[in-house]
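Heads up, the thing below is written out as structure tokens.
The values are calculated or read from the model by the stated rules, or taken from the named source; none is laboratory data. Since the structure is predicted, the reported quantities are computational estimates derived from the model, not experimental observations. All accessible areas refer to the heavy atoms of the entire protein, side chains included, with ligands and DNA or RNA removed. Shrake-Rupley method; radii C 1.70, N 1.55, O 1.52, S 1.80 Å.
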Amino acid sequence: MLAPREDADIETSSDAYARRFSGAVGGYFLEKQRAAVLELLRPWPGASVLDVGGGHGQLTGPLVDAGYAVTVLGSDPACEARVREWTGVGRARFLAADLLAPGLADRSHDVVLSLRLLPHVKRVRELVAALGRLARFAVVVDYPTRRSVNAVSGLLFGLKQGVEGDTRPFTVFSDREIEETFAAHGYSPTGRRPQFLAPMALYRALGSAPLARAIEGTAAALGLTAALGSPVVLRLERRG
């Protein structure tokens, strides 16, 4: 029996998913994510970037504006809808293909990104293998880490669903698990940016961006976010 096609990005490419990041609180989340990704990409200015599952469009504009040559890989043509603002005028490219076997050459892109995807796929190891194969220099992913409040994510799922309405179950990883999976394909971690000490759903429920900034600013200053923050944006570079 054939394994099901990985298509978790169809939901993250939807307008309904985008609404989770609307308003001032959502803007704060995207601001933190954008800053982390652009900082981790700094060693490769103007690089070719493949954004796997990037139909959410959260990074397309910032990457294009920063001078990167961006291709968004989606599992279905429908995943282009939220990035057509850039692909429709030739500022970025879109490719609809199997996320695990898109038909691209090995090391076809300088850097491969995949955010909002890893916790929702079933064949994590195969996705990691694909990301590693396609990258020439580095891979950047994000994931919810077990070294955070996500350690009790199962107990808090009902609260999260009550706030977000259409949230999905997701896999929580240990940092070692992610690093060892990439190590099997010749990659080592070289940059780690934990995002938030408190759950994002809590800030959505509170609805106050200034309060979120204050809490997270204090947590960062105390070193708590670096130790316990989630999700983690992680850069891994090809060895040798």
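Please label the shape of the stretch 168-227 as rounded, prolate or oblate, based on the square roots a ≥ b ≥ c of the eigenvalues of the alpha-carbon gyration tensor (a/c under 1.5 means rounded; beyond that, a/b larger than b/c means prolate, else oblate).
Oblate shape, in that a/c is at least 1.5 and b/c is the bigger or equal ratio.
What do you get for the angle between helix 153-164 and the principal long axis of the chain? Use alpha-carbon atoms, 0 to 90 degrees, nearest ten.
Approximately 90 degrees, to the nearest ten.
Counting only protein heavy atoms and a 1.4 Å probe, tell me what percentage of the chain's accessible area is made up of carbon and sulfur.
Solvent-exposed carbon and sulfur of the chain make up 55 percent of the total.
With springs only between Cα atoms under 10 Å, which of 116, 42, 34 fluctuates most in a Gaussian network model of the chain?
Checking each option, the largest mean-square fluctuation is seen for 42.
Over the stretch 8-129, give the accessible area per residue in Å² for a 1.4 Å probe, as an integer. Before the final figure, lay out each step's value.
Details: 4830 Å² over 122 residues.
Per residue, the stretch 8-129 has an accessible area of 40 Å².
From largest accessible area down, sort 177, 80; use a 1.4 Å probe on the protein chains. Provide the component values of the computation, followed by the final result.
Working: 177 70, 80 45 Å².
From most accessible down to least: 177, 80.
Mind pulling the angle between the C-alpha long axis of helix 209-221 and the longest principal axis of the chain? Nearest 10 degrees, somewhere in 0 to 90.
It works out to around 80 degrees.
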